[in-house]
Every structure is written in structure tokens, then in C-alpha cells.
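Read through the structure below, which is laid out as C-alpha cells, and then see the notes.
A short reminder: the numbers here are calculations on the coordinates, not readings from a lab. Treat the numbers as computed from the prediction; the structure is a model and nothing was measured. When we count neighbours, we look across all protein chains shown, and the Cβ atoms used for this are built from the backbone with ideal geometry, even at glycine.
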Amino acid sequence: MLILYVLTILLECLNAVSCSATLNPKPQRNIEQVTIADLYDDDDQTPKPRTQSAEDIEFEPVMTLTKDKEKLVVVKNINCEDFSKYAMNCTVEAALMYNSSRKSPPMPAKVGDWCKAIRHLTNCAIDWNSDCKDVTESHFNEESIRGHMHVVNNVCDDEWFLSRYDVLPMCIDGASDAWENCYTIFKTAVDDQKNTTHEWTHFETHFHMCCARAQFRRCTLDALFDMPEVCPYEQAVTLQKFSVIVSEGDVFQDCDTNMMYVNCPGGDPRPTGKSLAKLMNADTFNQNYRKKSSAIRYHVSIFVLVFVIVLCGLLK
């Protein structure tokens, strides 16, 4: 009814204006006089968030450091006799690409460098395993390679995820210490298991690595969803998804089948009902959003009604 009332008043105003225009015609502007600037008067000139594209994070060839440690050159022939040196060079080169000592999630402006470093490590491992498989028994773990590729596919090559990640600077900055603490504990536990044996899928190793992965996810979940003033709901969800992908990259195993989480060291690491409630409150969030939207639409309608009445009074 409110909308019909507004339309009725508006039609009356238009009739009044039409009559006035007939009595006092004004010169019309020729369409050829319209400039390009006129066409963009209402164009939104605000800068758009930067998103990563495939061109930003291209695959890099295997590189090695020269003696001056400043210039990188392409390696055409791999020395398959020194696995340790090759692995160290790859690690150092990747560190130079990312150029950060923090273990917290990369800032959106640095995610391209972060992805470039992961791609480089992946290429290094693939090249060694391919070129040196008939020369030495030393090799990079295939599971580790697949884990790196999983991260690349689900973070670096996912434009939709990167567009969501691009708005996280404040959330990442505010949660970096808590997230880094969670990851340090997780990484230490996983590396201890990986350094114990090359058979990462052995039952006992698999069990402890999956426990560590679940504990890390629980740790980041509890941290991220406990700081709404720093990480709003949508941003916390995105950063938690990043945490899950990273944990899958470090422990690229099936941790859902036949896992007795209740026997994990320190107790069951799976989220409690309270923790899950924080993650699954999207319905409540959307309901509140819809209520706010309805209230805004109502107030806008009232404003339009008042504006039309005042406008009609001025025209008459």
C-alpha cells in the first residue's frame, strides 16, 4: 500500500511538471553535445581489491644459487650425487622467493610470492625424482609432493578463493600470533613423525599425524571464531578454510577412515559442540542480515515518501 501511495503522488507530480514544461519550454541539449565524461559521472571509481591471477604465480624453473648468492641461474643438469645439497638449495631459493620468516598465513599482497615458493619446491622435488630415479635411492616423498600440489590447486589456482582471501589483511594481522602458535605445534609434531620413518602411511605414524592435523584445525577454529571484532564471521570462515587446506598439504592422508580420535595424545582433538556452533552459525548470521535489510528497506521507503511529498510541494 505504501508503494502504491508513493506511485500515485509521483504521477500527480509528473503531471504538474508536464504542464509547467508546456507553458515554459526549456532548450533541449543535443545528444551530440554529450561528452565521454558525462557517461561516466556515476561510474564507481573506487579501487577494486587486488586478486591473484594465474599470471601472477607462474611455474618457476628449478633454480640454484650462484657463488655470490645474488643471481639465480637455471639448472639444466641436476647433480644426482648430492641429494642433501640439492634439497637445501631448493629450500633456500624458495625462502628467498617468499622472503618471510613468519609461519602465519601470508598477507594477500604476499600470497603470490608464497605460491611461487611452493611451486618452486614442488618443481624441485618432481625434477629430482624424475631425473635421478635411476641414479640414487634418495628421493622426495611422493606424498609430500602431492600435498604441495593440493595446496597449489586449492589456494593458488582457485580464483574464487583468492578473491575471498584478498579481503583478509586485518583478520590475518589480528590472528597471526594465535594461528602461528597453532601451526608451530602442528608442524613440530608432524615433522617428528616424518623424521622417524619414510613410511608415512605406517599405522602408528599415520595415527599420530592425523591426530596432529585434527588438533591444528581445532586450535585455529577456536582461535579464529573467538575474535569477531578482528575476524568477522565470513572472514573467519575463509581463513579456517585456508587452515584446513594447509593442514591437508602437510598431512596428505585419509584421516577419516578407521581413525580412533578418542585415543589421540591429549584427548579427542575433534571440535566440541560449542566450537562447531561457532562455525555453523551461518543461518543465524543470515537471519540477522535479512532483518537488518528489511529494516533498511522500510526506512528507505519512508524517506522516498517524504521526499516525493516535499518535491510535489515545491513544484506546485
(message) Net charge within 13 Å of Asn154 by Cβ-Cβ distance, Lys/Arg positive one each and Asp/Glu negative one each, not counting Asn154 itself?
(response) -1
(request) Give me Tyr261, Tyr165 ranked fewest to most by other Cβ atoms within 10 Å of their Cβ, as a rough exposure proxy. (result) Tyr261, Tyr165
(message) Please give me the summed charge of the neighbours of Asp226: other residues whose Cβ is under 11 Å from its Cβ, Lys and Arg +1, Asp and Glu -1.
(response) 0
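What's the ranking of 96-103, 169-176 by average number of surrounding C-beta atoms within 10 Å, highest first? Walk me through the intermediate numbers first.
Numbers: 96-103: 14.2, 169-176: 17.1.
Those peptides, ordered most packed to least, come out 169-176, 96-103.
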(request) Using packing as a proxy for protection, rank 244-250, 226-232 so that the peptide with the highest average count of other Cβ atoms within 10 Å comes first. (result) 244-250, 226-232
(message) Taking the number of other C-beta atoms within 10 Å as the exposure measure, put Ile145, Ile118 in order starting with the fewest.
(response) Ile145, Ile118
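Looking at segment 169-271 from every direction and averaging, what is the projected area of its Cα convex hull in nm²?
Numbers: hull surface 25.7 nm².
With every direction weighted equally, the projected area is 6.4 nm².
I need Lys241, Lys278 ordered by Cβ neighbour count within 10 Å, fewest first. Present the calculation step by step, with values, prior to reporting the outcome.
Values: Lys241 15, Lys278 18.
Starting with the residue having the fewest Cβ neighbours, the order is Lys241, Lys278.
Among the listed pairs Lys133/Lys241; Lys116/Lys278; Lys103/Lys194; Lys85/Lys194; Lys103/Lys133, which have their C-alpha atoms separated by more than 29 angstrom in this model?
Values: Lys133/Lys241 36 Å; Lys116/Lys278 34 Å; Lys103/Lys194 19 Å; Lys85/Lys194 20 Å; Lys103/Lys133 32 Å.
In this structure, Lys133/Lys241; Lys116/Lys278; Lys103/Lys133 lie more than 29 Å apart at Cα.
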